[in-house]
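*Asks:* Right, I'll just put the structure down here and ask away after.
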There are 2 protein chains.
Amino acid sequence: MPKRIAVTMGDPAGVGPEICLKLLRRSEEELGCQLLLFGDQSVLERVSKRCQLPPPEQAVPGKNWLQTLPGEGHVVVDFGFVDGGKVCPGRVQAACGEAAFRYVEEGIRAAMEGSVDAVSTAPINKEAWSLAGISFPGHTEAFTTYTGASESCMMLYSAGLACSFVTTHIPLREVSSQITRERLLRVMEWSRDAVRRLNGKDPRLLVCGLNPHAGEGGLFGEEERKVIAPSVEEAKARGMSVEGPLSPDACFIAKHREATDCFVCMYHDQGHIPFKMLAFETGVNITLGLSVVRTSVDHGTAFDIAWSGQADPSSLLAAVDCALRLTEAT
Amino acid sequence: MPKRIAVTMGDPAGVGPEICLKLLRRSEEELGCQLLLFGDQSVLERVSKRCQLPPPEQAVPGKNWLQTLPGEGHVVVDFGFVDGGKVCPGRVQAACGEAAFRYVEEGIRAAMEGSVDAVSTAPINKEAWSLAGISFPGHTEAFTTYTGASESCMMLYSAGLACSFVTTHIPLREVSSQITRERLLRVMEWSRDAVRRLNGKDPRLLVCGLNPHAGEGGLFGEEERKVIAPSVEEAKARGMSVEGPLSPDACFIAKHREATDCFVCMYHDQGHIPFKMLAFETGVNITLGLSVVRTSVDHGTAFDIAWSGQADPSSLLAAVDCALRLTEAT
């Protein structure tokens, strides 16, 4: 039986519906999986007309969808959370935030129950979530809570560069206190396991320092000597292929990028700056450390081009491909 | 009269002497200035033989050099601080650290007296300085102290990217507390003045945020709202062309690089990561905020290729060119 990937449609007023429609045009054979698009058929039909894209071929009602699911071909799981006729493209709307959140809830539930093998998410709008009274700042927090994980880890992945993050959405001044030996080891192990599946071989990790010149022997900070270097040694003792901590400004030059399968970054911008320079809006955002596989596009709702036919589905396509590879046994 | 630039030879055991010899082959007309190479003739002669480079054409003794200086042509100012015959290429040596430091002292003195228009420095070795009992961690601190400046600011400059730094060689955890409105305004003004001279027109500055997503409206940090944004507004009120604070990971994508003449960075790696990716060892390191003009190569002593003929003088050539432009009136 082919694998099943749930794709959540994202904010109905953004580029999500369009990139999902473009994704559905790829056959099961081409993608290597059956897609279940968790969304709203009324929205997809309007967007397909606007963008001159073929409408979805199969749809089943959201209620008890598993019982009516066709055995093959991509399928829209039509939840009816929002009325497509009332959606204003390119506008922040509470009803759209609410619907986008509920597709995600359904996706997580399906993955937890084992009805799908993984979830790939199209972009949501944080302001719309907030307007709808949803307290999660984003997908990652919703997945972490609903799957009962005590923590998780962001990874950015593209063909040329992969970065995992010891810390992400916290103030820079709090980064140092969040870097512990236990956290570092978990992030290294999650990174190793994920990139092994993604690339099909044991990855070489490079751990970035935290401070200028990786602390310059303690002159510019003690975290490298006290926490990061001992963690790298411990990871080596556990059999991992890992080097570092290296001066952060040296890590991302071509020579090191070529010799590295995943950079373990200490804070958000340490990895996001080089990643956005090299793979702007074409990468995949992966959440590690969960009991389910979750990948996401690495771009936003792009309200300025919503429903216009101009949206590029590459990042969503890559997200589905990564999700599929992450479900492989090693 | 042509301008005079003092070039300090750097650590005698590193690539400094070789790149200086290669620089001397460019004529005064080509460079637009007379070079005074502050170094040791005995070292330069040995290196010229090893690297099959022509020896310097003119040299004067270091003592009272100004009185015997030829009116034209590049000149070695031969201080005799180290015996070339005793230098071991590629090795950290106290005598070399000492000599390298004293060329810098002489360079600063000459600039302070007005005997030269600017100083460009070849690379020194920090370990050799330390072995020689020199307490300054690097050039910048020596220049700052000797010129009586209370503070200074690093700028990295290349044809494609310029970054100035609100903080540099301090632990990441201390960065936030060093970002004040006064410091930001000084760095913006110094950056504007320097890039105006370097590029010959009023520059467009882009100020990077400190936190992920530039604080995401306060959710990931308060520095943007409380300090950085008000400073940018104040700078605009003073007539500067400046934008920001922008999310740090968005700053360095091609679109923003093209529209920006100088990025004002909050900490060392925020600017060093993109700079090293785009201009690895070909950039120029400039110290702003001093009463003298000082530029430097953006690479180290490269002991592994010292005296081998393989060293690339591009960064030193660019440093001299920037020094010259920084002495222009605006």
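The values are calculated or read from the model by the stated rules, or taken from the named source; none is laboratory data. Since we're looking at a predicted model, the values are computed, not measured. Note that we place each Cβ from the backbone using ideal geometry, even for glycine, and neighbour counts take in every protein chain shown. SASA here: full protein model, heavy atoms, side chains in, ligands and nucleic acids out. Shrake-Rupley method; radii C 1.70, N 1.55, O 1.52, S 1.80 Å.
*Asks:* Could you list, in sequence order, all residues of segment A:188-208 that are of a type in the set (Asp, Glu) and in a loop (DSSP other than H, G, I, E, B)?
*Replies:* Within segment A:188-208, the first condition is being of a type in the set (Asp, Glu), and the residues that meet it are A:189, A:193, A:202.
Once the filter is applied, which keeps residues that are of a type in the set (Asp, Glu) and in a loop (DSSP other than H, G, I, E, B), segment A:188-208 yields only A:Asp202.
*Asks:* Of the residues that sit in segment A:173-184 and are crowded, with 17+ Cβ neighbours inside 10 Å and in contact (Cβ under 8 Å) with a residue 40 or more places away in the chain, which one is nearest to the other protein chains (Cβ to nearest Cβ)? Talk me through it step by step, then tell me what you get.
*Replies:* Residues of segment A:173-184 that are crowded, with 17+ Cβ neighbours inside 10 Å, as a first pass: A:173, A:175-176, A:179, A:184.
Narrowing the set further to residues that are in contact (Cβ under 8 Å) with a residue 40 or more places away in the chain leaves A:175-176, A:179, A:184.
Details: A:Val175: 7, A:Ser176: 4, A:Ile179: 10, A:Leu184: 16 Å.
Residue satisfying both the conditions and the ranking: A:Ser176.
*Asks:* Test A:Phe280 against the criterion of being among the aromatic types (Phe, Trp, Tyr), assigned by TED's automatic domain parsing to the domain that holds A:Leu172 and open to solvent by 30 Å² or more (accessible area, probe 1.4 Å), and give yes or no. It would help to see each step written out before you state the result.
*Replies:* Details: among the aromatic types (Phe, Trp, Tyr): yes; assigned by TED's automatic domain parsing to the domain that holds A:Leu172: yes; open to solvent by 30 Å² or more (accessible area, probe 1.4 Å): yes.
Yes, satisfied.
*Asks:* Related question: State which residue is farthest from B:Tyr267 (Cα to Cα) when the search covers only segment B:209-256 and only residues that are in contact with a Phe, Trp or Tyr (Cβ under 7 Å, 6 or more places away or on another chain) and part of a helix (DSSP H, G or I).
*Replies:* B:His213
*Asks:* Quick check on my filter: what residues within segment B:74-97 are surrounded by fewer than 19 Cβ atoms within 10 Å (Cβ to Cβ) and within 24 Å of the chain's Cα centre (by Cα)? Spell out how you get there, then give the answer.
*Replies:* Step one: filter segment B:74-97 for residues surrounded by fewer than 19 Cβ atoms within 10 Å (Cβ to Cβ), giving B:80, B:83-86, B:88, B:90-91, B:94-95.
If the condition is that a residue be surrounded by fewer than 19 Cβ atoms within 10 Å (Cβ to Cβ) and within 24 Å of the chain's Cα centre (by Cα), then B:Gly90, B:Arg91, B:Ala94, B:Ala95 are the ones that fit.
*Asks:* Mind listing whichever residues of segment A:257-291 are assigned to a loop (DSSP other than H, G, I, E, B), more than 20 Å from B:Leu210 (Cβ to Cβ) and not hydrophobic (A, V, I, L, M, F, W, C)? I'd like the intermediate steps shown before the answer.
*Replies:* The initial filter retains those residues of segment A:257-291 that are assigned to a loop (DSSP other than H, G, I, E, B), namely A:259-261, A:266-267, A:279-283, A:289-291.
Okay, now just the ones that are also more than 20 Å from B:Leu210 (Cβ to Cβ), so A:259-261, A:279-283, A:289-291.
If the condition is that a residue be assigned to a loop (DSSP other than H, G, I, E, B), more than 20 Å from B:Leu210 (Cβ to Cβ) and not hydrophobic (A, V, I, L, M, F, W, C), then A:Thr260, A:Asp261, A:Glu281, A:Thr282, A:Gly283, A:Gly289, A:Ser291 are the ones that fit.
*Asks:* While we're here: Might you check whether a residue that is within 13 Å of chain B (Cβ to nearest Cβ) and in contact (Cβ under 8 Å) with a residue 12 or more places away in the chain occurs anywhere in segment A:227-236?
*Replies:* Pass one, segment A:227-236, residues within 13 Å of chain B (Cβ to nearest Cβ): A:227-228.
Filter again for in contact (Cβ under 8 Å) with a residue 12 or more places away in the chain, leaving A:227-228.
Yes, segment A:227-236 contains a residue that is within 13 Å of chain B (Cβ to nearest Cβ) and in contact (Cβ under 8 Å) with a residue 12 or more places away in the chain.
*Asks:* Residues B:Ser308, B:Ser315: which one is among the hydroxyl-bearing types (Ser, Thr, Tyr), assigned by TED's automatic domain parsing to the domain that holds B:Val15 and open to solvent by 10 Å² or more (accessible area, probe 1.4 Å)?
*Replies:* On the way: B:Ser315 fails: open to solvent by 10 Å² or more (accessible area, probe 1.4 Å).
B:Ser308 is the lone residue from the list that is among the hydroxyl-bearing types (Ser, Thr, Tyr), assigned by TED's automatic domain parsing to the domain that holds B:Val15 and open to solvent by 10 Å² or more (accessible area, probe 1.4 Å).
*Asks:* Could you please find all residues in segment B:258-275 being more than 9 Å from chain A (Cβ to nearest Cβ) and in contact with a strand residue (DSSP E or B) (Cβ under 9 Å, 6 or more places away or on another chain)? Give the steps one after another, and end with the answer.
*Replies:* Of segment B:258-275, the ones more than 9 Å from chain A (Cβ to nearest Cβ) are B:258-265.
If the condition is that a residue be more than 9 Å from chain A (Cβ to nearest Cβ) and in contact with a strand residue (DSSP E or B) (Cβ under 9 Å, 6 or more places away or on another chain), then B:Ala259, B:Thr260, B:Asp261, B:Cys262, B:Phe263, B:Val264, B:Cys265 are the ones that fit.
*Asks:* Please determine, by comparing only the residues of segment A:237-257 that are within 16 Å of A:Ser191 (Cβ to Cβ) and touching a Cys at 6+ places or on another chain (Cβ under 8 Å), which one is nearest to the other protein chains (Cβ to nearest Cβ).
*Replies:* Per the criteria, the residue is A:Cys251.
*Asks:* Counting just the residues of segment A:132-148 that are closer than 16 Å to A:His169 by Cβ and of a type in the set (Gly, Ala, Ser), which one comes out most open to solvent (accessible area, probe 1.4 Å)?
*Replies:* Only one residue tops the list, namely A:Ser135.
*Asks:* Further, regarding this structure: Going by what's in this entry, would B:Glu216 be described as surrounded by fewer than 23 Cβ atoms within 10 Å (Cβ to Cβ), at positive phi and in the same structural domain as B:Asp202 (by TED's automatic domain parsing)?
*Replies:* Values: surrounded by fewer than 23 Cβ atoms within 10 Å (Cβ to Cβ): yes; at positive phi: yes; in the same structural domain as B:Asp202 (by TED's automatic domain parsing): yes.
Answer is yes for this residue.
*Asks:* Separate question: Anything in segment B:160-169 that is open to solvent by 40 Å² or more (accessible area, probe 1.4 Å) and either touching a Gly at 6+ places or on another chain (Cβ under 9 Å) or within 17 Å of B:Leu210 (Cα to Cα) (or both)? List them, or say none.
*Replies:* Of segment B:160-169, the ones open to solvent by 40 Å² or more (accessible area, probe 1.4 Å) are B:160, B:169.
Across segment B:160-169, the qualifying residue is only B:His169.
*Asks:* Within segment B:35-61, can you find the residues that are in contact with a strand residue (DSSP E or B) (Cβ under 7 Å, 6 or more places away or on another chain), open to solvent by less than 20 Å² (accessible area, probe 1.4 Å) and hydrophobic (A, V, I, L, M, F, W, C)?
*Replies:* B:Leu35, B:Leu36, B:Leu37, B:Phe38, B:Leu44, B:Val60
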